Amino acid sequence: MRMPIFTSFIMIVLLTQFAIRRSNHKEQSNEKAFWEKEREANSTRRKSLDGLNYIKIPANRLPFGALPDDKDVVFCEKTITNLIDQKIVNLTGYSNTELKLEYGAPNITNLTTFDQNYTTLVTNLQTWGLHLYNAALYEEALMVLEFAASTRTDVSGTYKLLCDMYQTKLGYSKEVMTKKIKALVPIAESLRSLSRDSIVEYLNSYLEVEENPT
């Protein structure tokens, strides 16, 4: 009776060792491929950055000064104003290796700065929009958050506030509200960040409720 148990134990050990060796081999292969790609990226020559999708801040269409006594809003407005003359590019979801391969290793510092400017922009737009929303300045919040969405932000709160305003705060008809939310879906689907699927799911669930009310 002990032989089958012993044999089973040996088989489990052998299978475990095989799985470990296979996993280690896969990790080594992946690591080798990564470093080969990184070496190629580091040797890529500088390329023109003229074709990047630079983001321009529409200062004349944003509600500066709507909450002059709110220190957080004043800080956001100042930060965004300081970005107006800076180069801003949404590079969310792209690794440094991918950027170097596409635009050349010598450009990585500039590209990192452009992306950091973008992160600063959308973070402050979300905070600004939220404060306007909490102050019941919905039209002003709309200007800020729709601009953020147009830049393909991956801040989920931006999409949630927009959906809420479309549905309950702006007096839109069901048709207009549905059209507005549907317009956000392709933006969300184009995201490269980890929050992409959850944002798309949220927007689609919102539409399902509106199109199939109980």
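Computed from the coordinates by the stated procedures, all read-outs in this text should not be read as laboratory data. Keep in mind it's a predicted model, so treat the numbers as computed, not measured. Methodologically, a virtual Cβ is constructed for each residue, glycine included, from the backbone with ideal geometry; neighbour enumeration extends over all protein chains shown.
Could you tell me which of the pairs K87/K179; K71/K160; K47/K78; K47/K87 are separated by over 27 angstrom between their Cα atoms in the structure shown? The pairs that break the limit, which is 27 Å between Cα atoms, are K87/K179; K47/K78.
Can you give the Rg to Rh ratio of segment 62-158, both from alpha-carbon atoms, with Rh computed by the Kirkwood formula?
Taking Rg over the Kirkwood Rh, I get 1.06.
Peptides 190-201, 83-94 ranked from most to least packed by the mean count of surrounding Cβ atoms within 10 Å: 83-94, 190-201.
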